[in-house]
Amino acid sequence: MIALKSLDLEVKGSEAAGYTVSVVGPADERAESPFDGTVLAKLAAPLQDIQEGRADRSTLERVGMTLFQALFPLNVLMVYVAAKARLKTDEGLRVRLHLPAELARLPWELLYYPPHYLSLDRLNPLIRFLDLPDPPSPLAARPPLRLLHLVASPVDAPPLNAKREAAQLSSALAGLTKQGKLEIVPARPGTLAALRAGLRQGCHMLHFTGHGGLADEMGYLLFEGEGRRSERVSSDTLAQLLRGTSVRLAVLNACQSAAAADSQAFGSVAAALVRTGLPAVIAHQYVLPDSSAIPFAAEFYGALADGFPVDAAVSEGRRAILSELGEAWRDRVDWATPVLFMRAPDGRILSLEEEKTDSEGQPLPPAVQQTITTGDVSGDVFNVGVVSGGTLVVGGGNAGLAAPPAAAPSPPQRATDRLLSLLAELQQLVRDRAPDARRSEATEKVAALKSAATEKRPNLDVLESVLRWFETELPQLSGPVYNVLGGVEQRIKEAEEDLLPEFRRRFGEFL
């Protein structure tokens, strides 16, 4: 599996006062140098050619080399080369870019260090890294990964064949769905109501197909409103709808979904979603035709399901576009159009739980005593815990959570398993991130939440009390509490409890 180390490149300053670029390597080696701020003027003409579809091989290589020379002056380049030289055969080096708003609009995915484009190398992926507090923890998930696919095709926007889009993506991912690695959840029609309904089903990823744009220095997506006419949804509105859900990744197959005004660091739809809590978002900086978008999606999701870190999976998607284009790839910007925005330091967005099966591929009931080994999306493998005597221990110590009794998996059983995973994640986060002065009380609140959530008939008063406490005292951990509420809802729903309407009345705004 791929193991990636990180090299950080940060550009600071302004066009008026001048810029500097600094590098921090994986062994904390450092260097700093002036950054050539004239790169914006130098690239004005070729970037216009790319934007209007007139680019060819020489244009793309010239842009890529200009960007590389600006970002890697000699002493910075030496750190990069030395870091790569120290890598073992099974290691790679991700390049994490930290950019001011006015430079973020440049196509850094074209970085060209002859004879290679960095972003096409699975061992040298390139990401736009957003410096935000509280880096996300991987969300425990049992395959199949659930992909919410929303196609928005308003009648007053450029025509989009919604049925064809859905059929193409479904066909491209058919292999993954047959293997039980992926499940596509359609959101139809392409409305906000359909999005909200889909999010309540515990999906891990959102794939949006439609149109985007930029207005009043803020990005937006077009949904279907009344009469299927365009309903413009701003980046911050969409971010609030996704906040606290189980979605860990959004793929925005919409032009300008990566675009923002020079003065707005988080103005693009993609950056706004990452700022609100999503670990990773993929968006487009140029128009990407279906002939390239579909192969990219199929290869990307396949690599993700195979355990690749999200940034390496994006490189796999780019290489699929390259293969689809054949020898014409050097004259096309398609493979450099997807942009990865990320805040997960190591690319880990999900912890995939392995499900044991019998000789015929049928799920086995959980053993009374067994070690559950999980592989995460970074490709690492680690032990979450041991089920012993009916107790699931996460991280050792006194972190026990009562496990359900051994039985053949049924829908309510799976819902309970997922709820326990979410509670375990919250418990671990409290241990890791709660301030010392609050950790003991927060641990007690989690214990009360677990007791109330796992009762045969969940105690809604206690759930609400704990939620309000976290929102007031530890708001940085309220997101994982929302995830637990989503698990409770699914458990109530699958058990066909009459409590569901009251639950949604109280907690619907958080789900």
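The values are calculated or read from the model by the stated rules, or taken from the named source; none is laboratory data. Since the model is a prediction, treat every value here as computed from it, not as a measurement. Don't worry about glycine lacking a Cβ; one is built from the backbone with ideal geometry, like all the others, and counts go over all protein chains shown.
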*asked:* Need pairs with beta-carbon distance below 7 Å; first residue under 16 Å from V11 (Cβ atoms) and within segment 61-80, second hydroxyl-bearing (S, T, Y) and not in a helix (DSSP H, G or I); sequence gap 6+ or separate chains.
replied: F68/Y112; F68/Y113; P73/S33; N75/S33; V76/S33
*Looking for whichever is modelled with pLDDT of 75 or more and in a loop (DSSP other than H, G, I, E, B) here; the options are P458, P404. Which one fits?*
P458
*So how many residues does segment 186-201 have that are surrounded by fewer than 22 Cβ atoms within 10 Å (Cβ to Cβ) and either in contact with a helix residue (DSSP H, G or I) (Cβ under 6 Å, 6 or more places away or on another chain) or more than 22 Å from G277 (Cα to Cα) (or both)?*
4
*Considering every residue within segment 231-238, establish whether at least one is surrounded by fewer than 18 Cβ atoms within 10 Å (Cβ to Cβ), more than 22 Å from G486 (Cα to Cα) and modelled with pLDDT of 90 or more.*
yes
_Selected residue [in contact with a strand residue (DSSP E or B) (Cβ under 7 Å, 6 or more places away or on another chain), at pLDDT 85 or above, part of a helix (DSSP H, G or I) and outside the structural domain of A197 (by TED's automatic domain parsing)] from A453, A447, A424_ = A424
*Please state which of the following conditions F68 fails to meet, knowing it meets all the rest: (1) closer than 27 Å to A82 by Cα; (2) part of a helix (DSSP H, G or I); (3) touching a helix residue (DSSP H, G or I) at 6+ places or on another chain (Cβ under 7 Å).*
(3)
_segment 246-258 residues that are assigned by TED's automatic domain parsing to the domain that holds S292, paired with ones that are part of a loop (DSSP other than H, G, I, E, B) and among the β-branched types (V, I, T) (beta carbon under 6 Å, 6 or more apart)_ = R248/I349; L249/I349; C255/V287
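One line per residue, one yes/no per condition, for (1) surrounded by 21 or more Cβ atoms within 10 Å (Cβ to Cβ); (2) of a type in the set (F, W, Y):
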residue: L111; (1), (2): yes, no
residue: P115; (1), (2): no, no
residue: S119; (1), (2): yes, no
residue: D156; (1), (2): no, no
residue: N161; (1), (2): no, no
residue: T177; (1), (2): no, no
residue: L206; (1), (2): yes, no
residue: L214; (1), (2): no, no
residue: F223; (1), (2): yes, yes
*For H149, which of the numbered conditions (1) crowded, with 21+ Cβ neighbours inside 10 Å; (2) farther than 22 Å from S291 by Cβ fails to hold?*
(2)
*Can you name the residue in segment 56-83 that is surrounded by fewer than 16 Cβ atoms within 10 Å (Cβ to Cβ) and aliphatic (A, V, I, L, M) and is also farthest from K5 (Cα to Cα) among such residues?*
M65
*Being part of a loop (DSSP other than H, G, I, E, B), in the same structural domain as R96 (by TED's automatic domain parsing), more than 27 Å from the chain's Cα centre (by Cα) and among the polar types (S, T, N, Q), is that true of even one residue in segment 8-29?*
no
*Does R86 satisfy being surrounded by 20 or more Cβ atoms within 10 Å (Cβ to Cβ), closer than 26 Å to A312 by Cβ, of a type in the set (D, E, K, R) and in contact (Cβ under 8 Å) with a residue 12 or more places away in the chain?*
no
_The conditions are (1) among the aliphatic types (A, V, I, L, M); (2) at pLDDT 95 or above; (3) more than 25 Å from L97 (Cβ to Cβ), and I294 fails exactly one of them. Which is it?_
(2)
*Could you run through segment 90-103 and say how many residues are of a type in the set (G, A, S) and either part of a strand (DSSP E or B) or within 19 Å of the chain's Cα centre (by Cα) (or both)?*
1
*asked:* Against the definition (aliphatic (A, V, I, L, M), farther than 19 Å from G198 by Cα and surrounded by 14 or more Cβ atoms within 10 Å (Cβ to Cβ)), how does L426 come out, yes or no?
replied: yes
*If we scan segment 471-482, do we find a residue that is within 27 Å of P435 (Cβ to Cβ), in the same structural domain as D417 (by TED's automatic domain parsing) and not in a helix (DSSP H, G or I)?*
yes
*Members of segment 33-55 found to be part of a strand (DSSP E or B) and surrounded by 15 or more Cβ atoms within 10 Å (Cβ to Cβ), listed by number*: S33, F35
*Kindly indicate which of K42, K84 is charged (D, E, K, R) and either within 30 Å of the chain's Cα centre (by Cα) or within 18 Å of L123 (Cβ to Cβ) (or both).*
K84
_Of the conditions (1) within 21 Å of L199 (Cβ to Cβ); (2) of a type in the set (D, E, K, R); (3) modelled with pLDDT of 85 or more; (4) surrounded by 15 or more Cβ atoms within 10 Å (Cβ to Cβ), E464 satisfies every one except a single condition; which number is it?_
(4)
